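Okay, structure first, notes after.
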Amino acid sequence: MKVKRKTLIIFFVVSLLIFVLAIVYAVKADADNEETGEGVSIYIPPLYLRYPEYEESVRLCDAGTQAILDKIHVLEKAQIEQEAAASIEIKAEDLFAKEERHALAKLLWGEARGIDSDTEKAAIIWCVLNRVDSEDPYYPDDILGVIKQRGQFAGYKTSHPVDEHLLWIVDDVLVRWATDGEGRVLPSDYLFFASKASEGYTRNYFRKLFKDPGPRWDWSLPSPYDS
């Protein structure tokens, strides 16, 4: 019995000593880690390594987002350009001499003041400009030269008034001619017109040649003036 009890005591003391040593070692290890700034780190792999389909989803999402941003950029750029263009008002008086503008208005007074349609009035201005643009050497290459050319426009007189509405039509056509030609109501190859009264209404008929047996202009171009 004494031997057995002695053995148990020794085992208990050894176990207690091991436990104490383990505690001391753990405390010392913690103290060393605090001094060196090292700690226990756990590595967690990112999602795209753990789930390969996640990387593809992210890539597709980024590509879609970039495509949307590109479209927004294009739309914003177009809007800025449109707003900038609209903010720049082109005026005929900035492009053409007062004498040219007033001469055209006086020509309209003599040739078309009795015509109701602004489209037909505008066509007379286009007819003058068609002659300016014509490659036919018979016609001068400037507005005043065409208007004052001998034997051509009988309706033009320097004594005619400059009507405000007729001048507005003149300025509108001149700006269209000087820019992109949008709103043209008479094709560029029509160089002549003649007036004719019918049933109490006077209108001008346009043709390509002075003695042209062919059809007259049919007003098939869309007009920016008449609804």
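Among the residues examined, G110 does not qualify as modelled with pLDDT under 85 and in the same structural domain as H160 (by TED's automatic domain parsing).
With respect to the conditions (1) in contact with a helix residue (DSSP H, G or I) (Cβ under 7 Å, 6 or more places away or on another chain); (2) modelled with pLDDT under 90; (3) surrounded by 12 or more Cβ atoms within 10 Å (Cβ to Cβ), Q152 falls short on a single one, namely (1). Taking the numbered list (1) within 33 Å of the chain's Cα centre (by Cα); (2) farther than 21 Å from D189 by Cα; (3) at pLDDT 90 or above in turn, A103 passes all entries but (1).
The values are calculated or read from the model by the stated rules, or taken from the named source; none is laboratory data. Just so we're clear, the structure is a prediction, and the values are computed from it rather than from any experiment. Ideal geometry is used to build each Cβ from the backbone, glycine not excepted, and the neighbour counts take in all protein chains shown.
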